[in-house]
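Okay, so here's the structure we're looking at.
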Amino acid sequence: MENILDRFLRYVSYDTQSDENSESQPSASKELVLLSLLKDELLAMGVHAELDEWGYVMASIPSNIDKKVPSVGFIAHVDTAPDASGLNVKPQIIKDYDGSDIPLRGVPGLYLKPSEFPEMLHFIGKTLITTDGTTLLGADDKAGVAEIMNAVQYIVEHPEFKHGEIKVGFTPDEEIGRGVVKFDVKKFGADYAYTMDGGEEGELEWENFNAASAAVHIQGRNVHPGSAKGKMKNAILIAQELNALLPVEQRPEFTENYEGFFHIISFKGTVEEADFRYIIRDHDRALFEKKKTVIAEAVAFINSRYGEGTATLTLRDQYYNMKEMVAPHYHVVEKAIVAMERCGVKPRIQPIRGGTDGANLSFKGLPCPNIFAGGLNFHGKMEYVPLESIQKASEVILQIISLYAEQG
C-alpha cells in the first residue's frame, strides 16, 4: 500500500490551477492530466472508474454486505486556486515540529511564523508539510484527493472490511465556482456524499456562504492632461470612487463567523478603462440579495454622475447555502460526528466562510456536508498541512463507510 505522504506529494507535483477567465470545461486542460491519472490509478486497483468529457472522474465500489444500505460518496477537487501559482511545487517536510518559525527556503528571509499563524502551535510534535515560499502547496484539495484514494486502496486490499456501495468523485474548477456545474448526480449514484475539502482537523461543515461574483468595467475617457479640464474621465479614479461606495466594515478583514462581505480580488486599469472583480458572500439569503443590490446601486450612482455606460456590472450567482438542503437529512452530519469521535478527533461544527462543491451538489439533490482535509492558510505561499491530519481524515472516511454499513 502506497504511503499517504508519498501519494500526497505525488499529486501536488501536478500543476492543476484553474482559470477563471476561461469558458471551457474544465477551465484548464492541465487539470485533465491529474484527473486522467486518478482514473487510471482507480482502474489499476480494480475499481470501475471513468473520466467524462467535462472532466469528472466517477468511480464505484460494489457493496460486500447482504443488507441494503445507502450508497455513500466521497468527493474532492483537483484544481488549485488562481490566487497563487501551483507550478513546480516544492514541499518542505518538517518532522517533529518544535513550535519555532519555519524558513520557507525558496524565498530568502520568508518564514512561516506561529506569531502570525498561532494555529501552528496546535501541531507541536507533528510532521508539517509546507511550501518553499514560491508557490501554494495544493493541500486544497489534493489532501482530500489523497485521503480518498488512500481509503479506496485500503478497502481494495482488505476484503474483510464491510461496506455498502461506495462512490468516488473527483472534480475540476471548484476554486472558480464551477466545480459541479455539469456534474450528473444521477449518474454518480450516491444517496449521500461528503466533500473532503475542509481545513483544520476536526472541522465539519454543513452551512456555507451564499456566493456571487461581480465584474465591473469602467469606461473612461483619456485626453492629454494639459487640456483635460472638463473632458477627461479617469477610469482608475472612478473605479476607486465606486469601491469607496461599498461598506468598509463589510470587507473580509473586518468580518467573521456568519458575517458576510464584499471582497475585491483583482484590479487592472488605465485612464481609458478599468476592470475589477469582487466576490460577494453572506450566509443569510436576504442579506446576500441586499449586498447584490448595494453594488448595483453603486454602479447606478456612478453612471448618474459620469454618464450612462461609464460603469457596467456583471453579476453571477455561484452557489447557495447548503443548510436548507442538508438539514432534512441531518443524520449525514451525525454520522460524520461519530466517525470523527471513533478516530479520536474532536468534531468542530462551524459554518464555512466560503463554499465547496458540496453546496451545489446539495442543491442538485445530493446532501453533501464538508469534512476537514487538514490544511491551513489555503490559496497562498503560507499554506501547510500536518501529515497526521491527512491520515486522520482518511481514517474518518473508513469510519463513515462502516457506520453506513452498520446502521444504514
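The values are calculated or read from the model by the stated rules, or taken from the named source; none is laboratory data. Please read all numbers here as calculations on a predicted model, not as lab measurements. Don't worry about glycine lacking a Cβ; one is built from the backbone with ideal geometry, like all the others, and counts go over all protein chains shown. Accessible surface areas use protein heavy atoms only, side chains included; no ligands, DNA or RNA. Shrake-Rupley method; radii C 1.70, N 1.55, O 1.52, S 1.80 Å.
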In this structure, is Ala143 crowded, with 22+ Cβ neighbours inside 10 Å, out of contact with any Cys (no Cβ under 9 Å at 6 or more places or on another chain) and outside any loop (DSSP other than H, G, I, E, B)?
yes
Out of the residues in region 289-335 that are out of contact with any helix residue (DSSP H, G or I) (no Cβ under 6 Å at 6 or more places or on another chain) and among the small types (Gly, Ala, Ser), which is surrounded by the fewest Cβ atoms within 10 Å (Cβ to Cβ)?
Gly309
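Name the residue, out of Leu38, Leu32, Leu87, Leu43, that is assigned to a loop (DSSP other than H, G, I, E, B) and either touching a residue at least 60 places away in the same chain (Cβ under 8 Å) or within 19 Å of Glu157 (Cβ to Cβ) (or both).
Numbers: Leu38 fails: assigned to a loop (DSSP other than H, G, I, E, B); Leu32 fails: assigned to a loop (DSSP other than H, G, I, E, B); Leu43 fails: assigned to a loop (DSSP other than H, G, I, E, B).
Result: Leu87 is the single residue among Leu38, Leu32, Leu87, Leu43 that is assigned to a loop (DSSP other than H, G, I, E, B) and either touching a residue at least 60 places away in the same chain (Cβ under 8 Å) or within 19 Å of Glu157 (Cβ to Cβ) (or both).
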Tell me yes or no: at least one residue of region 389-407 is assigned to a loop (DSSP other than H, G, I, E, B) and either at pLDDT below 95 or out of contact with any helix residue (DSSP H, G or I) (no Cβ under 8 Å at 6 or more places or on another chain) (or both).
no
Tell me, which residue of region 213-248 that is buried (at least 17 other Cβ atoms within 10 Å of the Cβ) and charged (D, E, K, R) is farthest from Glu174 (Cα to Cα)?
Lys233
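To keep it simple, each residue is scored yes or no on (1) open to solvent by 50 Å² or more (accessible area, probe 1.4 Å); (2) more than 30 Å from Gly106 (Cβ to Cβ); (3) more than 13 Å from the chain's Cα centre (by Cα).
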| site | (1), (2), (3) |
| --- | --- |
| Val345 | no, yes, yes |
| Gln350 | yes, yes, yes |
| Thr356 | no, no, no |
| Met382 | no, no, yes |
| Gln391 | yes, no, yes |
With the checklist (1) at positive phi; (2) out of contact with any Asp or Glu (no Cβ under 8 Å at 6 or more places or on another chain); (3) crowded, with 24+ Cβ neighbours inside 10 Å in hand, flag the one item Gly374 doesn't pass.
(2)
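Evaluate region 104-120: report whether one residue or more is open to solvent by less than 10 Å² (accessible area, probe 1.4 Å) and either of a type in the set (Lys, Arg) or assigned to a loop (DSSP other than H, G, I, E, B) (or both). Steps first, please.
Filtering region 104-120 for residues open to solvent by less than 10 Å² (accessible area, probe 1.4 Å) gives 104, 112, 120.
Next, from what is left, pick out any that are either of a type in the set (Lys, Arg) or assigned to a loop (DSSP other than H, G, I, E, B) (or both): 104.
Yes, region 104-120 contains at least one residue that is open to solvent by less than 10 Å² (accessible area, probe 1.4 Å) and either of a type in the set (Lys, Arg) or assigned to a loop (DSSP other than H, G, I, E, B) (or both).
Gly202: open to solvent by less than 30 Å² (accessible area, probe 1.4 Å) and on the phi > 0 side of the Ramachandran plot, yes or no?
yes
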Counting only residues that are open to solvent by 60 Å² or more (accessible area, probe 1.4 Å) and in a helix (DSSP H, G or I), how many does region 1-29 have?
2
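Looking at region 185-196, is at least one residue among the small types (Gly, Ala, Ser) and part of a loop (DSSP other than H, G, I, E, B)?
Going residue by residue through region 185-196, those that are among the small types (Gly, Ala, Ser) are 189-190, 193.
Narrowing further to those that are part of a loop (DSSP other than H, G, I, E, B): 189-190.
Within region 185-196, one or more residues are among the small types (Gly, Ala, Ser) and part of a loop (DSSP other than H, G, I, E, B).
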